[in-house]
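First comes the structure, then the notes that go with it.
The values are calculated or read from the model by the stated rules, or taken from the named source; none is laboratory data. All values reported here derive from a predicted model rather than from experimental measurement. Methodologically, a virtual Cβ is constructed for each residue, glycine included, from the backbone with ideal geometry; neighbour enumeration extends over all protein chains shown. Heavy atoms of the whole protein, side chains included, go into the accessibility calculation; ligands, DNA and RNA do not. Shrake-Rupley method; radii C 1.70, N 1.55, O 1.52, S 1.80 Å.
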Amino acid sequence: MDFARKAKWTFFVVTTLFSLVQPLSANHTSINDTAIEMIHVGLILDAQSWVGKIVDSCISMAISDFYSRNCHYQTKLVVHTRDSGGDPLLLLSQALVLLENFKLDAIIVAENSAGVKILAELGSRVKIPIISLFAAGLSLSSFEYPHLIQIGEDESSRAKAIAAIVEAFSWRSAILIYEDNDSARPILSSVTGFRLDQHVALLTSPTDEEIVEQLMKLRSLQMTVYVVHMSPILASRLFLNAKQLGMMTQGYAWITTDMITNFMNSMDPSVFESMQGVVGFKPHIPASKELRRFAIRWRSKNLNDNKNLEEMEMNVYGIWSYDMVWAVATAAERVMTRHPHILHQETRLNMNFTTIRSSESGLVFMDEILQSRFKGISGGFQLTNGRLIPKELQIVNVFKGERIIGYWNPGNGITSLMKQENHNETNSTSSSKLESVIWPGGTMNIPKGWSLHGKRLRIGVPANNGFREIISVTRDPRTNETTVTGYCVDVFKEAVQSLGYEVHYDFIPFEDANGQMAGTYNDLILQVYYKNYDAVMGDTTILASRFPYVDFTMPFTDIGVGTVVPKINKKSIWIFLMPLSGDLWITTAAFFILTGLVIWFIERPINEEFQGSLCEQIGMIFWYSFSTLVFANKEKLLSHLSKFVVIIWVFVVLIITSSYTATLASMLTVQQIELNLKQDYVGYHYGFLLSRAVSNLNFKNPRLKPYKSAEEYADALGRGSNNGGVSAIVDEIPYLKVFLAKYPSDYTISKSNTTTGGFGFVFPKGSPLVQDISSAIMRLREEEKLQLMENKWFRSTKSIFTDQDTRSNPSRLNLHSFGGLFLVTGISSTSALLLCLFQKTRAIIILCRNWQVFVCIIASRWAVKDGLSIAWDRG
């Protein structure tokens, strides 16, 4: 039904009520003085409510105080009070009565009901300000209702304050309980993304049975932090029933918005008693001398008129109404001063069954109120977009009264009571800024935000696992008692024991009537999603495909998969020949002999150690060259050429021996495997998701065989692919650790890849246990308790990883790998040999020339001697 049809029905009902409506009281101010322009203002409130009485008395004091201080003003407010009895329909009828009988310039409403929205529409039609002392939510915006003025927190600030307190105490989330009406419902549009994941709506007038039903549903959930946003009347019933159900005890946390906290002092003592431990928000009114004096005068003035007020403290709505009256009175005087002719003009507006009077000054009056700026008893008074918003909220704790534990504002977040000293703080949500809080149950221990409520968790366990060191389920045939043991069990129990609170659980094997696994691991995990189990404990692999259904804790094992292969047969007597290929052995031996010959050829003519019989010289050739392997040659070289050859050769020998040693050591540890489609098989653990692991380990289309235990792995690897077994086993690292702990001398890991997330415990989506168990696992890892448990079950403390990829596995060294070295030493030896031959040839030539000269000299000497002898004889 649209608004027009609603309005027609409403006005029809209102006309039948005119005869029943009488003014509640006489006007607060006499209007006999014709020298002063009277400004008529309507005031509609619930006269029987505590807040209505306070607002009525504060407005009366505001008028008296304002005009006693400004007795020279030409205007004076005349307030016409009507009682709505808290009924939205009567609220509208009273407004129509006032508009029919008086030329109103404004209407003040001291109620937070659905009728305020209709009244705001009425204000837009008659063009007079409608001042609501209660913010009615985002639906009544200044753009939609330009003649509406509201006082109080907006929904966006409420949501941010709630998020700050939830984050301050490290709660993961909270449940919003709200009243399903126009006043409370608008908060839903503001709390999105503020850790209020679940919402519970209560009807405006539910029965106690309906309230208990909703509370029982909340108690069945694990979360124990509740944010309450509703009328004080409904909140009173909610907390009374919550206390009866035991939900106001230790472990629970209740947060109330200002919609409730502002009325805390007016609540029945039994209700207040049921709210012990509640944390709430309420507007902060800065302390001042003016406020203190006003509070004293207010209490003294109303002591005789209403004894109930003596037991109550001043309410924030009374303070705001006092300042609002000052703003309205000031605006009226400015209108009189600037636009005096407008105040005397009026129009009549026909609305269905009645005619109401409307002031022409409404628009001007509204603008003047919106521009009001002054310091009132509530602090700085300033309207923003038609709303008076408190600049700061108090955070109060209810325990034998209200006590302030801190403050919150949009700029700085949560601030401490000594905020004057912390004015430079940036946005903060830390609970350390707050005073100590006494929570429900009288405890100062911060609620963890969730509770199992004594429930025993049903923990699903995989049955019939071949790796009993990881997890094992056994059943006693006589007692039918099930025992679960293994590494996973020890980790789970140790993590739960370190939580700091009790978690009761039972292990339920996931098995069929024959004691076999009742499905795959995916089927077991889906049992948590279907709520058949509360968690799963065991060798459950963390995979991305499983996260849409469940949550995992952080892994408590090594992550990834690996490949196990047999070690090489180290009993072979010819294993020392394997590092070098045949051609490399032959080439190396040839260069040993060549190098020995070159050195012998160079040194023999000049070095006595290289001379002797034929056998001695042959032995020297082999001895000197092969002794360079261990650098044991003692013979002193005399030729620089031979020294050059030896230096180059020693460098080559050093490279070859180092490579040989490294390759031989690797081959004694790891065997290079080459899997192909036609000959080799790969084994894997039954139930393991192998496709991605095989692709990431660079296997080319291997044939696969599933196995269930470490013993089956050893048997298959021992037989090999040619004899019905496999050449390698691909599995997750924890399984391989168990296998290698049993067979450490026969098998090894040749390569590994982090393609899986390791083992983690499974919980339902959003379970608060996930974070706590993950933190406990991290503590166990940091304290090395996980390693101790691994040593206990796997019986090995040494690392099993070689971190080698297929491309870096050891293989035989061939001639091509050292071709450059042999080329260098061959060139150097050949060059030295040729140079030596050249030097010897040159020496021979020089020797021959010298011999010819010698012969000629001797011959010439003999010729001379012979000539002299002949001459002597002739003489």
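Name every residue in the range 257-279 that is farther than 15 Å from Gly318 by Cβ, part of a loop (DSSP other than H, G, I, E, B) and open to solvent by 10 Å² or more (accessible area, probe 1.4 Å), in order of residue number.
Met267, Asp268, Gln276
Given the conditions (1) in contact with a helix residue (DSSP H, G or I) (Cβ under 8 Å, 6 or more places away or on another chain); (2) surrounded by fewer than 17 Cβ atoms within 10 Å (Cβ to Cβ), report the number of the one that Met247 does not fulfil.
(2)
Against the conditions (1) in contact with a Lys or Arg (Cβ under 9 Å, 6 or more places away or on another chain); (2) buried (at least 22 other Cβ atoms within 10 Å of the Cβ), where does Arg172 fall short? Just the number, please.
(2)
For a quick check of your reading of the model, give me the residue pairs whose first member lies in the range 482-498 and is assigned to a loop (DSSP other than H, G, I, E, B), whose second is polar (S, T, N, Q), with beta-carbon atoms closer than 7 Å and at least 6 apart or on different chains.
Correct list of pairs: Gly486/Ser472.
For the range 393-447, which positions are at pLDDT below 90, over 22 Å from Ile285 (Cβ atoms) and over 26 Å from the mean Cα position of the chain (by Cα)?
Hits for the range 393-447 are Lys400, Asn424.
Could you list, ordered by first residue, the pairs with Cβ atoms under 7 Å in which the first is in the range 506-527 and in contact (Cβ under 8 Å) with a residue 60 or more places away in the chain and the second is open to solvent by less than 50 Å² (accessible area, probe 1.4 Å) and of a type in the set (S, T, N, Q), at least 6 apart or interchain?
Final answer for the pair search is Tyr521/Thr540; Ile525/Thr540.
Anything in the range 206-242 that is of a type in the set (A, V, I, L, M) and in a loop (DSSP other than H, G, I, E, B)? List them, or say none. Outline the logic, then answer.
Start the filter on the range 206-242 by keeping residues that are of a type in the set (A, V, I, L, M), which leaves 211-212, 215-216, 218, 221, 223, 225, 227-228, 230, 233-235, 238, 240, 242.
Result: Leu221, Met230.
State whether the residues of the range 72-79 include one that is under 55 Å from the mean Cα position of the chain (by Cα), over 21 Å from Asp182 (Cα atoms) and either modelled with pLDDT under 85 or in a strand (DSSP E or B) (or both). Walk me through how you get there before you give the answer.
Narrowing the range 72-79 to residues under 55 Å from the mean Cα position of the chain (by Cα): none.
Scanning the range 72-79, I find no residue that is under 55 Å from the mean Cα position of the chain (by Cα), over 21 Å from Asp182 (Cα atoms) and either modelled with pLDDT under 85 or in a strand (DSSP E or B) (or both), so the answer is no.
Within the range 730-782, take every residue that is charged (D, E, K, R), farther than 17 Å from Val550 by Cα and in a helix (DSSP H, G or I) and give me the one that is most open to solvent (accessible area, probe 1.4 Å). Write out each step before concluding.
Initially, the range 730-782 is screened for residues charged (D, E, K, R), giving 731-732, 737, 742, 746, 751, 765, 772, 779, 781-782.
This time we only want the ones that are farther than 17 Å from Val550 by Cα, so: 731-732, 737, 742, 746, 751, 779, 781-782.
Of the ones still in play, those that are also in a helix (DSSP H, G or I) are 737, 742, 779, 781-782.
Details: Lys737: 34, Lys742: 61, Arg779: 93, Arg781: 95, Glu782: 134 Å².
Among residues in the range 730-782 that are charged (D, E, K, R), farther than 17 Å from Val550 by Cα and in a helix (DSSP H, G or I), the one most open to solvent (accessible area, probe 1.4 Å) is Glu782.
Restricting to the range 519-545, count the residues that are open to solvent by 50 Å² or more (accessible area, probe 1.4 Å) and in contact with a helix residue (DSSP H, G or I) (Cβ under 8 Å, 6 or more places away or on another chain). First the steps, then the outcome.
Of the residues in the range 519-545, the ones open to solvent by 50 Å² or more (accessible area, probe 1.4 Å) are 520, 522-523, 529-532, 544-545.
Remaining after also requiring in contact with a helix residue (DSSP H, G or I) (Cβ under 8 Å, 6 or more places away or on another chain): 522.
Within the range 519-545, residues that are open to solvent by 50 Å² or more (accessible area, probe 1.4 Å) and in contact with a helix residue (DSSP H, G or I) (Cβ under 8 Å, 6 or more places away or on another chain) number 1.
Looking at (1) surrounded by 15 or more Cβ atoms within 10 Å (Cβ to Cβ); (2) closer than 24 Å to Gly766 by Cα, which is the only condition Lys217 fails?
Evaluating Lys217 over (1) surrounded by 15 or more Cβ atoms within 10 Å (Cβ to Cβ); (2) closer than 24 Å to Gly766 by Cα leaves (1) as the failure.
Within the bounds of the range 193-205, is there any residue that is over 26 Å from Leu457 (Cα atoms), modelled with pLDDT under 90, open to solvent by 50 Å² or more (accessible area, probe 1.4 Å) and assigned to a helix (DSSP H, G or I)?
The answer is no, given that none of the residues of the range 193-205 is over 26 Å from Leu457 (Cα atoms), modelled with pLDDT under 90, open to solvent by 50 Å² or more (accessible area, probe 1.4 Å) and assigned to a helix (DSSP H, G or I).
Residue-wise test of (1) at pLDDT 80 or above; (2) part of a loop (DSSP other than H, G, I, E, B); (3) within 30 Å of Ser817 (Cβ to Cβ); (4) among the hydroxyl-bearing types (Ser, Thr, Tyr).
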residue: Phe651; (1), (2), (3), (4): yes, no, yes, no
residue: Ile655; (1), (2), (3), (4): yes, no, yes, no
residue: Ser659; (1), (2), (3), (4): yes, no, yes, yes
residue: Lys678; (1), (2), (3), (4): no, yes, yes, no
residue: Phe688; (1), (2), (3), (4): no, yes, no, no
residue: Asn698; (1), (2), (3), (4): no, yes, yes, no
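Determine whether Gly612 is touching a helix residue (DSSP H, G or I) at 6+ places or on another chain (Cβ under 9 Å) and modelled with pLDDT under 80. Talk me through it step by step, then tell me what you get.
Values: touching a helix residue (DSSP H, G or I) at 6+ places or on another chain (Cβ under 9 Å): yes; modelled with pLDDT under 80: yes.
Yes: the conditions hold for Gly612.
Considering only residues that are of a type in the set (Val, Ile, Thr) and outside any strand (DSSP E or B), which ones fall in the range 433-454?
We begin by selecting, within the range 433-454, every residue of a type in the set (Val, Ile, Thr); these are 437-438, 443, 446.
The answer is Val437, Ile438, Ile446.
Among (1) farther than 29 Å from Met230 by Cα; (2) open to solvent by less than 10 Å² (accessible area, probe 1.4 Å); (3) not basic (Lys, Arg), there is one condition Pro129 misses while meeting the rest; what is its number?
Result: Pro129 fails condition (1) only.
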